[in-house]
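Enquirer: My structure is below; once you've seen it, I'll send some questions.
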Amino acid sequence: MSIHIREFVVNRQDLGKSRWTDRTASLGAGQVLAEIEKFALTANNITYAVAGDMLNYWSFFPAEAGWGKIPVWGFARLIKSNCPAIAEGERIYGYLPMATHLVMQPEKISAGSFLDLYEQRRELHPVYNNYVRVTGERAHEDLEPILRPLYTTSFLIDDWLADNSFFGAKQVLSISASSKTGLGLGYSLHQRRPSGPAVSGLTSARNKGFVEGLGFYDKVVTYDEIESLDASLPTAAVDFAGDGAVLSAIHHHFGDRLVESTAVGISHKDAPRAPSSLPGAAPRFFFAPDQMKKRTEEWGREGYEKRLGESWNAFAAASSRWMKLERGAGEDAIAKTYADMLAGNIDPSRGHLLSLK
């Protein structure tokens, strides 16, 4: 059986260059063919591309030399199955390429999920290879690919900070507070008040009103107002922006009172990186799967999923009050949304759900 697949690829050295390509594939023994229904495109996917070499994101769905397929989160339907344990017509949710189809190799199959261990994906981190088998109606389905992967990271950062007693911080500063992962962290930290640390958000002048209106943050300041933050408070900074100038200004403002500096994302992808030597705590990268692994071992898989699910449902319900869902269909709509996302021309209150049909 020859399968025609249409895929969106980007130039790994110049992310502004993109194109649609065609290829053929075949379905082997034990494999299934997924037809991709819909997926989200967020600033998080731009981070996947920017950090594609460093964090191995290009390896999940390999492309021809010099090009890459940016992973997204979404839903697909299994339209052909050579795997006895998987029925044709099933729907799944998980990590996908921007494409019409994906050939998968289901293994470690349970009633609710399976791992895709197809060739190149076999040795990659299982957090990205786990697919949910969707049955019945799914609460907040359209918000799920937009916010849940990001909120899972938010949930784990919040849990990691609390697990470490916030490193002694009395204030947590979210850098790029309007990013969706930043909003999720702001929400999670807000649920810990009044016993938890104060929560401040750093954002652009354009997004300040939106961030303030959410009520997640005790204080919201713009990037040129860093010096207005109380430098006497022991502070933990969580950086979703990756802007070296901003991070340097924060480290110099707080000095030794900056007790933790956590790097998460690169929403300001074109900004210079921070110098290697800064006052205060040395910046370090947060890798969500490590905290997920720790909690899965401590709470058990079901315990972890239960806590995350309850937290996600509460956040999704709250988000439905401010999130404006925008749908796009077809190659041109996908390419335009990608270009806008890459250029930073995206309203933080909008979520983009895309499909090829």
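Enquirer: Name the residues in the stretch 24-71 that are of a type in the set (Phe, Trp, Tyr) and closer than 16 Å to Tyr338 by Cα, would you?
Expert: Of everything in the stretch 24-71, those that are of a type in the set (Phe, Trp, Tyr) and closer than 16 Å to Tyr338 by Cα turn out to be Phe39, Tyr48, Trp67.
Enquirer: Would you point out the residue of the stretch 14-49, among those that are closer than 21 Å to Gln120 by Cβ and open to solvent by 50 Å² or more (accessible area, probe 1.4 Å), that is nearest to the chain's Cα centre (by Cα)?
Expert: The selected residue is Glu35.
Enquirer: Specify the residue that is nearest to Thr181 (Cα to Cα); the eligible residues are those in the stretch 1-57 that are among the acidic types (Asp, Glu) and either out of contact with any Lys or Arg (no Cβ under 9 Å at 6 or more places or on another chain) or without any contact (Cβ under 8 Å) to a residue 60 or more places away in the chain (or both).
Expert: Per the stated criteria, the residue is Asp53.
Enquirer: Which of the residues that make up the stretch 320-357 are of a type in the set (Ser, Thr, Tyr), touching a helix residue (DSSP H, G or I) at 6+ places or on another chain (Cβ under 9 Å) and modelled with pLDDT of 95 or more?
Expert: Correct list: Tyr338, Ser355.
Enquirer: Also, I was wondering about something else. What tally of residues in the stretch 86-101 results from selecting those that are within 19 Å of Val127 (Cα to Cα), in contact (Cβ under 8 Å) with a residue 40 or more places away in the chain, part of a strand (DSSP E or B) and open to solvent by less than 10 Å² (accessible area, probe 1.4 Å)?
Expert: Qualifying residue count for the region: 2.
Enquirer: In addition: Does the stretch 144-164 contain any residue that is at pLDDT 95 or above, surrounded by 16 or more Cβ atoms within 10 Å (Cβ to Cβ) and not in a helix (DSSP H, G or I)?
Expert: No, that holds for no residue.
Enquirer: From the set of residues in the stretch 64-81 that are buried (at least 17 other Cβ atoms within 10 Å of the Cβ) and assigned to a loop (DSSP other than H, G, I, E, B), which is farthest from the chain's Cα centre (by Cα)?
Expert: Lys69
Enquirer: Could you look through the stretch 282-320, keep only residues that are touching a Ser or Thr at 6+ places or on another chain (Cβ under 9 Å), of a type in the set (Gly, Ala, Ser) and assigned to a helix (DSSP H, G or I), and pick out the one that is surrounded by the most Cβ atoms within 10 Å (Cβ to Cβ)?
Expert: Here the answer is Ser311.
Enquirer: Checking the conditions here, which among Glu137, Glu212, Glu119 is acidic (Asp, Glu), open to solvent by 10 Å² or more (accessible area, probe 1.4 Å) and under 30 Å from Gly28 (Cα atoms)?
Expert: Glu119
Enquirer: Can I ask one more? In the stretch 1-41, which residues are more than 19 Å from Cys83 (Cβ to Cβ) and acidic (Asp, Glu)?
Expert: Result: Glu7, Asp14, Asp22, Glu37.
Enquirer: Also: How many residues, within the stretch 316-333, are touching a strand residue (DSSP E or B) at 6+ places or on another chain (Cβ under 9 Å) and either under 15 Å from Pro145 (Cα atoms) or small (Gly, Ala, Ser) (or both)?
Expert: Summing the residues that are touching a strand residue (DSSP E or B) at 6+ places or on another chain (Cβ under 9 Å) and either under 15 Å from Pro145 (Cα atoms) or small (Gly, Ala, Ser) (or both) in the stretch 316-333 gives 10.
Enquirer: While we're here: One residue is enough: does the stretch 176-189 have a residue meeting the conditions touching a helix residue (DSSP H, G or I) at 6+ places or on another chain (Cβ under 8 Å), farther than 24 Å from Gly344 by Cβ, modelled with pLDDT of 95 or more and open to solvent by 60 Å² or more (accessible area, probe 1.4 Å)?
Expert: Checked against the condition, which is being touching a helix residue (DSSP H, G or I) at 6+ places or on another chain (Cβ under 8 Å), farther than 24 Å from Gly344 by Cβ, modelled with pLDDT of 95 or more and open to solvent by 60 Å² or more (accessible area, probe 1.4 Å), the stretch 176-189 yields no hits at all.
The values are calculated or read from the model by the stated rules, or taken from the named source; none is laboratory data. Predicted model, so just to flag it, every value in this text is computed and none were measured. All Cβ positions, glycine included, derive from the backbone under ideal geometry; neighbour counts span all protein chains shown. For the accessible areas, the whole protein counts, side chains as well, though only heavy atoms, and no ligand, DNA or RNA atoms are used. Shrake-Rupley method; radii C 1.70, N 1.55, O 1.52, S 1.80 Å.
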